Structure formats: structure tokens, C-alpha cells
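Asks: Handing you this structure, nothing more for now.
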Amino acid sequence: MTTYLLVKWIHILSSVVLVGTGFGTAFYLFFGNRSGNVQAQAVVARLVVRADWWFTTPAVLIQPASGFLMAHLAGWPLTTPWLALSIGLYLVTGALWLPVVWLQVRMAAMATAAAKGGDELPARYWRYAGWWEALGYPAFAAMLAVFYLMVAKPASWSQLLP
């Protein structure tokens, strides 16, 4: 196996972990929030935060490292249209993800406190949940676009547009 193929395998695997963990945790928190069960919301929110630290964060770091190394090994300039757009979308996703992580940590703390006290979730929790969703949808869409670009690799800017 060549160095390039090894790095490509790591890149693909980490992209699957990144998007898969993101989608999976979003699914559970989305439906946990609609369960009406504060204890369930507390458990799910804590696990979502844990999954982000254990799986998403390492993948977030591995993605650009392996991507830039592959580009270097393949001789692709970072100005190659599909690569430049992928990098831009990845940065947009990161800008959306960072506040999502902050919101998740705060939501987990509020849900845990409410569950321990036998209380309802505060209104702030629901505001945060709304922001969490509003930021999550475009981040996920941007990552799907990056997946497309990684596979299709359009050679020119005109091939990127319909």
C-alpha cells in the first residue's frame, strides 16, 4: 500500500466518523428533546457531548491534516476548484460547529440539573436547542457538499455550477 492510499484510507475513515457521529448524535438529541422526558434528555445530551469530544474532535483534526497531505502527495494545488471549495465549506462547517459544541455543553448541564432536581427544563434550554438545530442543518448540508466534491472532483469552476 502506498503512502497516498494509506492517508486516503485514514481520510475517508475519519470523514465517515465525523459525519456519522454528527448525524447520529444530532438524531438522538433531536428526538430526545421531543420525548418530554427530562431524564432521557439529560442522558442523551451528556452522551452527545462525550461523543463530540471522543469521536468528532479527533476526526475534525484528522480531516485537514490528511486532506492537505493527500493534496501534497498528489500534487494538487490548494487552488484546484473542488479542493478550494471543499476547504471553504469545511471552514464554514467548523464556524457553525464550534457554537453547536458550546450549546450542547450548556444544554447537557441544564438538562442534568433539571433531571436531578425533578424540574422542567428552563426556557433557555429550548432557545439553545433552537439555535443548535438552526446551526446544525447548514453544517450538515455543507459536509454533504464536501463529500460530493471529494468523490466527483470537478476539474473546473464551470463544472461546479449547474
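The values are calculated or read from the model by the stated rules, or taken from the named source; none is laboratory data. Predicted, not measured: the structure shown is a model, and the values here were computed from it. Here the Cβ positions follow ideal geometry from the backbone for every residue, glycine too, while neighbour counts run over all protein chains shown. For the accessible areas, the whole protein counts, side chains as well, though only heavy atoms, and no ligand, DNA or RNA atoms are used. Shrake-Rupley method; radii C 1.70, N 1.55, O 1.52, S 1.80 Å.
Asks: May I ask which residue of Val19, Gly117, Gln41 lies farthest towards the positive end of the charge dipole of region 2-147, with charges of +1 (Lys, Arg) and -1 (Asp, Glu) on Cβ and the Cα centre as origin?
Replies: Positive-end residue among those listed: Gly117.
Asks: Note down the magnitude of the dipole of the chain about its Cα centre, charges +1 on Lys and Arg C-beta and -1 on Asp and Glu C-beta and zero elsewhere, to the nearest 20 debye.
Replies: On the way: 9 positive and 4 negative charges, 21 e Å.
Magnitude of the dipole: close to 100 debye.
Asks: How large is the dipole of region 78-162 about the Cα centre if only Lys and Arg carry +1 and Asp and Glu carry -1, each at its Cβ, rounded to the nearest 20 debye? Walk me through the intermediate numbers first.
Replies: Working: 5 positive and 3 negative charges, 23 e Å.
Computed charge dipole of region 78-162: roughly 100 debye.
Asks: Of all the accessible heavy-atom surface of region 60-135, with the other protein chains kept in place and a 1.4 Å probe, what percent is carbon and sulfur?
Replies: On the way: 2940 of 4060 Å².
Looking at region 60-135 in its full context, I get 72 percent from C and S.
Asks: Hey, another quick one. Based on the Cβ-Cβ distance from Leu5 to Phe147, what FRET efficiency comes out when R0 is 22 Å, to the nearest 0.05?
Replies: Numbers: r = 19 Å, r/R0 = 0.87.
The pair Leu5/Phe147 has a calculated efficiency of 0.70.
Asks: Also, I was wondering about something else. With every protein chain present, what is the per residue accessible area of the chain (1.4 Å probe, Å²)? Please report the intermediate quantities before stating the final value.
Replies: Numbers: 9260 Å² over 162 residues.
Ligands and nucleic acids excluded, the figure is 57 Å² per residue.
Asks: Right, next: Enumerate the helices in the chain for which the Kyte-Doolittle hydropathy averages 1.0 or more and the C-alpha atoms extend at least 18 Å along the helix's axis, using complete DSSP H runs. It would help to have the intermediate numbers written out before the result.
Replies: Working: long enough: 3-33 (44 Å, 1.24); 38-51 (19 Å, 1.14); 57-74 (26 Å, 1.12); 81-117 (54 Å, 1.18); 123-152 (44 Å, 0.69).
Helices meeting the criterion: 3-33, 38-51, 57-74, 81-117.
Asks: Then there's this: Carbon and sulfur atoms: what percent of the 1.4 Å accessible area of region 1-47 do they account for? Don't skip to the end; give the middle numbers.
Replies: Values: 2070 of 2750 Å².
For region 1-47, the apolar C and S fraction of the accessible surface comes to 75 percent.
Asks: Another one. Beyond 17 Å, what percent of the Cα pairs of region 29-162 remain? Please report the intermediate quantities before stating the final value.
Replies: Numbers: 5712 of 8911 pairs.
For region 29-162, the share of Cα pairs beyond 17 Å comes to 64 percent.
Asks: Per residue and in Å³, how big is the convex hull formed by the alpha-carbon atoms of region 1-77? Provide the component values of the computation, followed by the final result.
Replies: Values: hull volume 5.9 nm³, N = 77.
Hull volume normalised by residue count: 76 Å³.
Asks: Return the whole-Å distance between the Cα centroid of region 4-67 and the Cα centroid of region 70-112.
Replies: 13 Å
Asks: Moving to a separate point now. If you build the Cα gyration tensor of region 90-134 and take the root of 5 times each eigenvalue, what three semi-axes come out, in whole angstrom, biggest first? Before the final figure, lay out the partial values.
Replies: Values: eigenvalues 123, 20, 5 Å².
Values for region 90-134, descending: 25, 10, 5 Å.
Asks: A further question on this structure: Points 7 angstrom from Cα along the Cβ direction at Trp157 and Thr57: gap in nanometres?
Replies: 3.8 nm
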